[in-house]
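J.: Take a look at the following structure, please.
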Amino acid sequence: MLTHSLEDPYKRRSSGGSGLCAGGAYRSQAMGHKPQVDYSYSAPPVFLFEPHQPEMCNFKPQVILNIDEGLGLKRKTLRFLAAQKHLWAYYEKVALQRGMQGGRNSGKAMTYGEAYQRLFPMAVENWHERRLWARR
């Protein structure tokens, strides 16, 4: 699930919608009235995308996605948002910054990136799996 940050003083409706998504994700892992021992009650992965004023929204980037291949489509899509023309250059600069951070932290070539915050922590089965995940 992908949604807006939980806090945004400028877009209260967006934050309200993300609160509904978070609430649904929380309830989806509840055992309910008749819990089944053999059933897995796991929360769906929920990611909050980076708002245009992350410092005002308590946004903490935890995942950086390489968007080098999709940048052309993203640029084309942003051109449809004529009301946000003033943000086009800003989004490109943020993508460059996140790409630099992602490349530096992963050791893989990356020019453009997008940052996301996880709503739930990532759980791994064993130490070996965690080490492999950490190297990505």
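The values are calculated or read from the model by the stated rules, or taken from the named source; none is laboratory data. Predicted model only: the values in this text are computed from it and were never measured. Reconstructed Cβ throughout: ideal geometry from the backbone, glycine too, with neighbour counts over all protein chains shown. SASA here: full protein model, heavy atoms, side chains in, ligands and nucleic acids out. Shrake-Rupley method; radii C 1.70, N 1.55, O 1.52, S 1.80 Å.
J.: On a 1.4 Å probe surface of the protein chains, which of Glu55, Glu7 comes out largest in accessible area, and what is the full order? Display every interim value, and only then the final one.
T.: Details: Glu55 140, Glu7 95 Å².
Descending accessible area places them as Glu55, Glu7.
J.: Moving to a separate point now. Given an 8 Å cut-off on Cα distances and at least 6 residues of separation, report the relative contact order of the range 58-116 as a percent.
T.: Values: 65 pairs, mean separation 30.3, N = 59.
RCO, the range 58-116: 51 percent.
J.: Compute the signed sum of charges (Lys and Arg +1, Asp and Glu -1) over the other residues within less than 14 Å, Cβ to Cβ, of Glu69. If you can, show how the numbers build up before the last one.
T.: Numbers: positive: Lys74, Arg75, Lys76, Lys108; negative: Asp68, Glu114.
Neighbour charge sum, excluding Glu69 itself: +2.
J.: Amide H neighbours of Phe120 under 5 Å, at least 5 residues apart or on other chains, H built in the peptide plane: list them.
T.: Val46
J.: Between Arg104 and Glu7, what is 0.36 nm times their sequence separation minus the Cα-Cα distance? Round to one decimal in nm. Write down the numbers at each step before the final one.
T.: Details: separation 97, 0.36 × 97 = 34.92 nm, distance 2.83 nm.
Gain in length upon complete extension: 32.1 nm.
J.: Through the Karplus equation 6.51 cos²θ - 1.76 cosθ + 1.60, θ set to phi - 60°, convert the phi angles of the range 73-82 into ³J(HN,Hα) values in whole Hz; use x for Gly and Pro.
T.: So the Karplus estimates, Gly and Pro as x, are 5, 4, 4, 4, 5, 4, 5, 6, 8, 4 Hz.
J.: Same structure, new question: Pull out the extension gain between Glu92 and Arg79, defined as 0.36 nm times the separation in residues minus the alpha carbon to alpha carbon distance; nm, one decimal.
T.: Values: separation 13, 0.36 × 13 = 4.68 nm, distance 1.23 nm.
Using 0.36 nm per residue and subtracting the Cα-Cα distance, I get 3.5 nm.
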